[in-house]
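**Student:** One structure follows; several queries about it will come next.
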Amino acid sequence: MITPSAPSDQDRPTQSLPVILARDLRVVNGANLGDPVSFAAELEPGDVYGLSQLSERQALQVHPAESGPFTIAEGSALGTAGHDLHLDCCATFMSGDGATTEALILVEVDAEGSVAGTYLLPLAPMAPGVDYVLVGAVKEDARRKLAQVACVSFTRGTHITLGSGEQRRIEDLKVGDKVLTRDDGVQAIRWIGQSTLRATGAFCPIVITAGTLHNAHDLMVSPDHRLFIYQRSDELGAGRSEVLVKARHLENGETIYRREGGYVDYFQLLFDAHQIIYAEGIAAESLLIDPRTRPVLPEAVSEKLAATLPGHERRPNDPFEIQETLVRRPDAAEILRRSSTR
């Protein structure tokens, strides 16, 4: 049995994980025939898995932790609030066409330390009728993989506004460069992260085409990247003029859409505090360091910046985030564009 941790602090940030039930992915050929996907210790490389036709993703709401297990949050569609959630491993599967799919395996544990549920968080789409051969499972890389999902990222070629007014491509920025922020004037970049990922699933970038939100060029960001919009008139009914909205919540298949396929170069910009900066003229957030994202920082960088990163704990911009239900409409982007100019 796994020893449960102390009760969670409900003031910690909440993360929504779109998971499937482990029982929906079972061995159809191999040593563990008929068994659902399970802990790393019970997985057998070479087993072939198949996804149930009835499988669907559901929201598992959790409170992340700096170390140790996460905690299932109140209101989660799955699991029991207060139970520990252990990030067990990152499993890699290969399909018949040679494509690999990574998935995080999460284990829910009750107050007595007994397993109460097992979930799978695919990092790329998985479909029924496809054979997925288990290649292996790695425990050490799981937290970093989840942190990559939570990180807000800009893509290669994005123009960032500097304090001088210059528009510079993000790949040409350096630590120490002075960037214009909405709330704190000109601020120096403390760290720049970069990763190249398959443009699929949780890592598929969202394209905001030129002009959609008064941007001069297309802007591509990670799905959960929040955009800051000032409404001169509250046409959405948010109850306030300043709002933060996730890029994926604005998808309409035309002016804002997912660009799937190939690979994407993602960049993260870190400042002493969480900032709103300008990318292709759109106000957008910088990287926020909290229990969800801290594992993405190299250890040496995390230690070096330890004295300044506590500035992120204030989370001053979080109250501006609006719920998905307010923008889940095909004309949401057009409403925000209009409301920001009149």
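The values are calculated or read from the model by the stated rules, or taken from the named source; none is laboratory data. Bear in mind the structure is a predicted one, so any value in this text is a computation, not a measurement. Here Cβ is always computed from backbone atoms with ideal geometry, including for glycine, and neighbour counts include all displayed protein chains.
**Student:** Does residue 275 satisfy the criteria of being under 20 Å from residue 159 (Cα atoms) and out of contact with any Phe, Trp or Tyr (no Cβ under 8 Å at 6 or more places or on another chain)?
**Tutor:** yes
**Student:** Hey, can you tell me all the residues within segment 245-296 that are aromatic (Phe, Trp, Tyr), more than 24 Å from residue 335 (Cα to Cα) and buried (at least 18 other Cβ atoms within 10 Å of the Cβ)?
**Tutor:** 266, 267, 271
**Student:** Would you check if residue 71 is touching a residue at least 60 places away in the same chain (Cβ under 8 Å) and more than 18 Å from residue 36 (Cα to Cα)?
**Tutor:** Taking the combined requirement at face value, the residue satisfies it.
**Student:** Out of everything in segment 219-244 that is under 13 Å from residue 154 (Cα atoms) and touching a residue at least 60 places away in the same chain (Cβ under 8 Å), what residue ends up being surrounded by the fewest Cβ atoms within 10 Å (Cβ to Cβ)?
**Tutor:** 224
**Student:** Which strands (runs of 3 or more DSSP E) sit wholly inside segment 49-150 and have at least 3 residues that are at pLDDT 95 or above?
**Tutor:** Fully inside segment 49-150 and qualifying: 84-94, 100-109, 115-122, 132-138.
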